[in-house]
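*Asks:* If you scroll down you'll find the structure; I have some questions about it.
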């Protein structure tokens, strides 16, 4: 295995740990919305239905979670920030 490959693996692990730490700092209801959006790739209306929450509540929780996570992750070198909005948000 080359040094470049090891560096890539190390960077990937660092990024994964940084993301996990940023998510852990969020309130549970906000973390849940963000995880469903990015990991399960559900739309905000789908999340609202799945959680039995008002769509505007889910939008607010998503916005707050995304903003807080982005602030935390902005200090991680080499980490590409997720798009602020994805199709169907807004």
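*Asks:* So what is the relative contact order for region 3-73, in percent, with contacts set as C-alpha pairs under 8 Å and at least six apart?
*Replies:* It comes to 37 percent, rounded to a whole number.
*Asks:* In addition: Report, to one decimal in Å, the Kirkwood hydrodynamic radius for region 3-73 based on all distinct Cα pairs.
*Replies:* When all Cα pairs of region 3-73 are included, the Kirkwood radius is 13.1 Å.
Taken together, the values in this text are just the output of simple stated rules run on the coordinates, not laboratory data. Note that the structure is predicted; figures quoted are calculated from it, not measured.
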